[in-house]
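Peer 1: Could you have a look at this structure, given as structure tokens, before my questions?
The values are calculated or read from the model by the stated rules, or taken from the named source; none is laboratory data. Quick caveat, the model's predicted, so the values are computed rather than measured. Heads up, the Cβs are rebuilt from the backbone with ideal geometry, glycines too, and the neighbour counts pull from every protein chain shown. Only protein heavy atoms, including side chains, enter the accessible area calculation; ligands, DNA and RNA are left aside. Shrake-Rupley method; radii C 1.70, N 1.55, O 1.52, S 1.80 Å.
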Amino acid sequence: MKKTFIKVLSIAAIGLLGISLSACGKKDDEVKFDTTEYVTEYVEVEARSEENSYSSSFSLNGDYLTYLKVEYSSFEGEEDSYESNETFKLISKNVKTGEEKQIPIKISESTNAYPGEFRMTKDGSFVGTVMEYSEDFEEVNSFLVNLDGNGSIIKKTNISDSIKADNLYINSLILANDGLVLGNGQDIYKIDFDGKLIGKISTSNYINSISTTPSGKVFVCIDGNQGMNIKSINDKFTDFDQTIDVEGWGSAYGADDESILYCTYRGLQQININTNEKKDLFSWIDVDVDSTNFDSVVKNADGSFTAMYYDYENGKYEIVKIREALDSEKGSKETIVLGTYYIDSDVRRSVVKFNRTNSNARIKVVEYMNDDTISYEDSLKKFTADLGNGAFDLVDLSSSNSIGKYTKALEPLDNYITKDLDKNEYFEKVLEACSYDGKIYAMPKTFSVSTLAISKKHADEIGSWTIKDLVALRKKYSDKTFMERGTQSQALYLALLGSFDTFVDENAGKCNFDSEDFKEALEFAKTFKTDDNFDYDFDSWGAIKTDDILLFDVYISSLEYIQLFDTLADGGIEIIGYPSKDGGKHIINAYSALSITSKSKHKDLAWEFIKSFINEEEGSYGRESFNIHKAKTDAIMKKAMEKELDFEGNEVSKMSWGNGQTDVDIYAATQEEVDMAYEVIEKASSSAGMDDEVVQIILEECQPYFNNQKSVEETAKVIQSRVNIFLQERK
Amino acid sequence: MKGRNGNQLKKKNARRKLGAIGFLAPSLLGVFLFFILPFFVVIYYSLIDNPISANFVGIENYINVTRNGAFKAASINTLKFSAMAMPLSVILGLILAILLDRKIPLRSQIRTSFLTPMMVPVASIVLIVQVLVDLNGVVNNILTRHGLQAIDWFKSDYGLFVILILFLWKNLGYNMILFLSALESIPRDILEVAYLESATSWQIFWKIKIRYLSSTILFVTILSLINSFKVFREIYLLTGGYPYDSLYMLQTFMNNTFVSLDYQKLSTAAIIMSLAMIIIIGFLFIVENHFGKDVEE
């Protein structure tokens, strides 16, 4: 008996150990890369604005899309009394069959009438709102308009007195079973079909969306003070009766009588309204949707979803139907995993485009900064650990700011570039910014240049522009606002940015922060105000305009930035760069810099994506930033030089730029400004080369010196000691 | 008859062996998976260029690491620290044990007080140390009030001594307990005979107690050596990954190489450190064998 007991016990012990050992292999926070779980079908819809027309009031009801199209003829009349000739059409489109019905409507006899929201009812008629101004625009009324299926007005009811709203502009209209729910941003009204008020709820916060469940329960998505809230309205329409806290900025849509859908720019969530249980359905990028502007999301009877959103890239609305993939549809393509701390809009757009068109592979994005991110450092550590463990095929290291740190995990791209691209077509300095030890490790798409400028009238005072010249200039202008954000840390940063390579020799693993130059930089920084006294209200643009500031940071991501400062400064600007032993130095910042990991098993497919990404044509919504491809940047420059003319052929401003205190009109760029931009790009240095860790050490050690607790010698000695170890270790 | 008994005995022995193996299997499996296998993986990593191409590079990684300035600095600092921490923690632990082996008032309370540092989390200790010896800490406040210059303890050579005190405070209690139990296991009759033979306390201590304590001294020394080589958490929490050069230890070097994904450097440094410890421990065994053999006999 005893022996049997011992045997059983020992078997149990072995089993227990086995279980515990098997558990060691899996972590709770393990990165999971699922295959494609959903299939997306696309229906291109309608441009929001075209020449002589624009569309609005889009709504999706089952398979039917309804929207209002406003067409206008060219402006007519004398100079001081232009008149437009507008016609309105309600478009009803079956998104399944493509069948379209255009119904011309006349919303009012008045020319001062503006359509609001229109919806199609179950019987094919239409209901909508119209805002009408009196001739002198002194009086305004809001009307409820009922139209038959042919667009003829059946009934027009003035609801202004009924709803008694301060703001009569109705931006939400929901068809409920027993009436209509209207919203104007902060108030929600329920009226019957005759326009009589049933109930009203006012909120102090912005209402982002109003929706109903099939049974008629009304939900609103409100910007709560500590995040977004979904609130349901009681049956009597007198108050809210339930609140659900949700993450991120989004809109709610009724799904079924049990649940609602919550849509953010990241993805779609289903929330059970009885239990508040939340289920993440999918992220938009995983179902090949690139938009942050959703108008409608519907859950269909077969469990699929239909979403309508605005596609900025093409300037069109798009409707997609998303259904669960069949087993036969899963895993037919190779999965390329793209790891990124934060996905930028350019990469996102390209991923969606690639996934929609490539028949061999799909990109799966793993983003480390999301709504749950609490600590930047922790997320970055996890990203780095996963990179080291070979979890990705591609990485976007733009946010990490130091490619050199990760080169052991990255594949040099030189061979791919030589094979498929003409290196001469790309800005050499930008490629250098993504290189380490002579090898290119990342391919960026766009870039900017950080530099320093001075008003032309002071340009001859900078000398050869070394740290000594900077210190001398400070002494000369000690009573003037020397620089924007003029605090001690910022001043030190400015002094070191261009001269970093004179203090640090990464290849030799040596530094000389105990040199006289560095001590001078420390002493220079100490003459500024402390970081606690940072003046957040300082109007630097105004100061440039009135010549009350000497040096100003110029962050050039497009030509407009040069134009902005050139316009602000009386007499123009001179871009002088950051002081260094060789004179002014401009620093390149590369964006959307994609790398292939050395552990990737799909290096060729990963390169295929990079290639398509950098060669992609800019869309209508593309940023006008400098492109790594010279020809594309040339085109941007050329476009910037084109003048915009009014009816009489006079040049008008292309854009107006303001910082809240000072406004600037930007006109067509001059040849001089374009030359200035090219000169800066061509002279720019590969990168600042300032490792985050080194910057951290310097800023940390300077504080006791700035607080008069240490001498400049002691401070320099400690910095030298700590940075030296860092460099030796990296060697 | 005899043959049948013999067979039965053999079968019984075989069953016993099988049972013993069954009982040992979980432990052996655990030791193999978590100690032996990783050790060989580390050796493998130290002999290849990188985990992807995995080209055998011989001792190239060893040459690179031993030439690395940071590794040299870390090794010298660690050896320096161990050379101070190890003897101090053994000698002070022994002195405390001898004192507490006597009949003194509040003996058990004092013993407990020396054990409490083992129960305090490192983060709490670090917090207290920061309050005390930070540049704006209590100690500097006292110094400046008396007209003396404030010392940036962790950004100067004084930092090593602060860490040494912290190390001793944390480890002395455990060493003391080990010595106390060893002292209590010395045969009383031998000590009584020595008293009867008019031996002095010094002679009893040196000729008898030290001899009987030799294996415990060796054990405590090895333990202190390993602990001193591993000193990291306190330094990291107090000064970060790149401290003032006198506080830069081998563990800091290895932690940083891990963060920068340089597994070859990390593995090679770990092997070199292990070799150094094996040599030192081997030497300690030889010493112990020499001094303690008559007790064992």
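Peer 1: Quickly estimate the mean residue ellipticity at 222 nm for chain B, helices only: each DSSP H run with n ≥ 4 gives -39500 (n - 2.57), and the total goes over all residues, rounded to 500.
Peer 2: The per-residue figure over chain B is -25000 deg cm²/dmol.
Peer 1: While we're here: To the nearest 10 Å², what's B:Met249's accessible area with a 1.4 Å probe?
Peer 2: Its heavy atoms expose roughly 0 Å² to the probe.
Peer 1: Taking beta carbons within 10 Å but only from partner chains, what does the mean come to for residues B:121-127?
Peer 2: 0
Peer 1: Over chain B, what is the relative contact order in whole percent, taking alpha-carbon pairs under 8 Å and six or more residues apart?
Peer 2: 28 percent
Peer 1: Which of A:Thr662, A:Ile575, A:Val351 sits farthest toward the positive end of the charge dipole of chain A, with +1 on the Cβ of Lys and Arg and -1 on the Cβ of Asp and Glu?
Peer 2: The residue sitting most towards the positive pole is A:Val351.
Peer 1: Give me the summed buried accessible area for the A-B pair, 1.4 Å probe, to the nearest 100 Å².
Peer 2: 2600 Å²
Peer 1: Another question about this same structure. For a quick check of your reading of the filter: which chymotrypsin sites (Phe, Trp or Tyr not before Pro) in the range A:570-620 sit in a DSSP loop and have no more than 13 other Cβ atoms within 10 Å?
Peer 2: Here no chymotrypsin sites (Phe, Trp or Tyr not before Pro) fit, given the DSSP loop and packing criteria.
Peer 1: Translational diffusion coefficient, Stokes-Einstein: compute it for the range A:479-518 using the Kirkwood radius over C-alpha pairs as Rh, at 20 °C and 1.002 mPa s, and state it as an integer in µm² s⁻¹.
Peer 2: 185 µm²/s
Peer 1: Right, next: Once Rh is set to the Kirkwood radius over Cα pairs, what Stokes-Einstein translational diffusion coefficient, in µm²/s, holds for the range A:461-567 at a temperature of 20 °C and a viscosity of 1.002 mPa s?
Peer 2: D, rounded to a whole number, is 140 µm²/s.
Peer 1: Heads up, I need the accessible area for A:Glu560: 1.4 angstrom probe, whole protein in place, Å², nearest 10.
Peer 2: 40 Å²
Peer 1: Quick one: work out Rg over Rh on the C-alpha atoms of the range A:165-323, Rh as Kirkwood radius.
Peer 2: With Rh from the inverse mean 1/r over Cα pairs, Rg/Rh is 0.96.
Peer 1: Hey, rough spin-label estimate for A:Asn158 and B:Ala14, points 7 angstrom out along Cα→Cβ, what's it come to in nanometres?
Peer 2: Result: 10.9 nm between the two label points.
Peer 1: For chain A, what relative contact order do you get, as a whole percent, if you take Cα pairs closer than 8 Å and at least 6 residues apart?
Peer 2: Worked out over chain A, it gives 10 percent.
Peer 1: Let me ask another. So what is the 222 nm mean residue ellipticity for chain A from helices alone, if each DSSP H run of at least 4 adds -39500 (n - 2.57) and you divide by all residues, rounding to the nearest 500 deg cm²/dmol?
Peer 2: Value at 222 nm, helices only, nearest 500: -8000 deg cm²/dmol.
Peer 1: Given the Cα-Cα distance of A:Thr238 and A:Thr111 and 0.36 nm per residue of separation, how much length would full extension add, in nm?
Peer 2: Extra length from A:Thr238 to A:Thr111 when fully extended: 42.0 nm.
Peer 1: Would you be so kind as to identify which of A:Ala252, A:Ile273, A:Ser283 lies farthest towards the positive end of the dipole of the range A:250-353, taking Lys and Arg as +1 and Asp and Glu as -1 on Cβ and the Cα centre as origin?
Peer 2: Checking the options against the dipole of the range A:250-353, the answer is A:Ser283.
Peer 1: Could you give the nm distance between label points at B:Ser108 and B:Ile142, where each point is 7 Å from its Cα heading toward the beta carbon?
Peer 2: Inter-label distance under the simple model: 3.4 nm.
Peer 1: Would you please give the FRET efficiency between B:Ile128 and B:Thr66, computed as 1/(1 + (r/R0)^6) with r the Cβ-Cβ distance and R0 = 41 Å, to the nearest 0.05?
Peer 2: For R0 = 41 Å, the calculated efficiency reads 0.60.
Peer 1: Work out, step by step, the length gained on full extension between A:Lys480 and A:Thr357: first 0.36 nm times the residue separation, then minus their alpha carbon distance; give nm to one decimal.
Peer 2: The A:Lys480-A:Thr357 span can extend by a further 38.5 nm.
Peer 1: Within 10 Å of each Cβ in peptide A:716-728, how many partner chain Cβ atoms are there on average? Round it to a whole number, please.
Peer 2: Taking the mean over all residues of the peptide, I get 5.
Peer 1: Efficiency by 1/(1 + (r/R0)^6): what FRET value for A:Asp422 and A:Lys638, r their Cβ-Cβ distance, R0 = 25 Å, to the nearest 0.05?
Peer 2: Calculated value: 0.75.
Peer 1: Another question about this same structure. Per the Debye formula with a single identical scatterer at each Cα and no solvent contribution, what log10 I(q)/I(0) holds for the range B:38-173 at q = 0.11 Å⁻¹?
Peer 2: Listed by q, the Debye log ratios stand at -0.70.
Peer 1: About its Cα centre, what dipole magnitude does the protein assembly as shown give when the only charges are +1 on Lys and Arg Cβ and -1 on Asp and Glu Cβ, stated in debye to the nearest 20?
Peer 2: 9220 debye
Peer 1: Could you give the size of the charge dipole of chain B about its Cα centre, using +1 on the Cβ of each K and R and -1 on the Cβ of each D and E, expressed in debye and rounded to the nearest 20?
Peer 2: Value, rounded to 20: 1460 debye.
Peer 1: Within 10 Å of each Cβ of B:253-264, how many other protein chain Cβ atoms are there on average?
Peer 2: 4
Peer 1: Leaving ligands and nucleic acids out of the surface, order B:Ser215, A:Ser108 by accessible area at 1.4 Å, largest first.
Peer 2: B:Ser215, A:Ser108
Peer 1: I would also like to ask the following. Report Rg/Rh for the range A:249-325, rounded to two decimals, where Rg is the Cα radius of gyration and Rh the Kirkwood radius.
Peer 2: Radius of gyration relative to Kirkwood radius: 0.96.
Peer 1: Same structure again: Mind giving me the FRET efficiency for A:Tyr42 and A:Glu86? R0 is 30 Å, r the Cβ-Cβ distance, nearest 0.05 is fine.
Peer 2: FRET efficiency, A:Tyr42 to A:Glu86: 0.45.
Peer 1: At 1.4 Å probe size, with no ligands or nucleic acids counted, give the accessible surface of A:Asp420 in Å², nearest ten.
Peer 2: Number for this one is 60 Å².
Peer 1: Probe radius 1.4 Å, ligands and nucleic acids left out: which of B:His290, B:His146 has the largest accessible area, and how do the rest follow?
Peer 2: So, going from the largest accessible area down, we get B:His146, B:His290.
Peer 1: Sticking with this structure for a sec: Distance in nm between label sites at B:Asn289 and B:Val193, each 7 Å beyond Cα in the beta-carbon direction?
Peer 2: 2.8 nm
Peer 1: Given a 1.4 Å probe, how much area per residue of the protein assembly as shown is accessible, in Å²?
Peer 2: 51 Å²
Peer 1: So which residues in the range B:207-249 end up with at least 40 square angstrom less accessible surface once the other protein chains are there, compared with the chain by itself, probe 1.4 angstrom?
Peer 2: B:Tyr242, B:Tyr244
Peer 1: So how much slack lies between A:Glu324 and A:Glu432, counting 0.36 nm per residue of separation and subtracting their Cα-Cα distance, in nm?
Peer 2: In short, 34.4 nm is gained.
Peer 1: Still on this structure, please answer the following. Using a 1.4 Å probe and counting only protein heavy atoms, arrange A:Asp256, A:Asp460, A:Asp535 so the residue with the most accessible area comes first.
Peer 2: Largest accessible area first, the list is A:Asp460, A:Asp535, A:Asp256.
Peer 1: For the range A:174-247, what does the relative contact order come out to in percent, with C-alpha contacts under 8 Å and a separation of six or more?
Peer 2: 20 percent
Peer 1: Something else now. Do any residues of the range A:405-422 lose at least 20 Å² of accessible area when the full set of protein chains is present rather than just their chain alone, and if so which, with a 1.4 Å probe?
Peer 2: At a threshold of 20 Å² (probe 1.4 Å), the residues of the range A:405-422 that become less exposed are A:Lys405, A:Lys408.
Peer 1: For the range A:592-731, what is the convex hull volume of its Cα atoms per residue in Å³?
Peer 2: 230 Å³
Peer 1: Would you work out which of B:Ile226, B:Gly159, B:Thr216 lies farthest towards the positive end of the dipole of chain B? Charges go on Cβ: Lys and Arg +1, Asp and Glu -1.
Peer 2: Checked the options; the winner is B:Thr216.
Peer 1: So which trypsin sites (Lys or Arg not before Pro) in the range B:83-152 are both in a DSSP loop and have at most 13 other Cβ atoms within 10 Å of their Cβ?
Peer 2: The qualifying sites are B:Arg102, B:Lys103.
Peer 1: Please state the charge dipole magnitude for the range A:107-203, taken about the Cα centre, from unit charges on C-beta atoms (+1 on K and R, -1 on D and E), reported in debye and rounded to the nearest 20.
Peer 2: My answer is approximately 480 debye.
Peer 1: Can I ask one more? Calculate what fraction, in whole %, of the accessible area of the protein assembly as shown sits on carbon and sulfur atoms when a 1.4 Å probe is rolled over the protein chains.
Peer 2: Summing carbon and sulfur atoms, their accessible area is 54 percent of the total for the protein assembly as shown.
Peer 1: Which values, in whole Å and largest first, are the semi-axes of the equivalent ellipsoid of chain A obtained as the square root of 5 times each eigenvalue of the Cα gyration tensor?
Peer 2: Largest first, chain A gives 51, 39, 26 Å.
Peer 1: Need one word for chain B: rounded, prolate or oblate. Basis is the Cα gyration tensor (sqrt eigenvalues a ≥ b ≥ c); a/c below 1.5 gives rounded, then a/b vs b/c decides.
Peer 2: Since a/c reaches 1.5 but b/c is at least a/b, the shape of chain B is classed as oblate.
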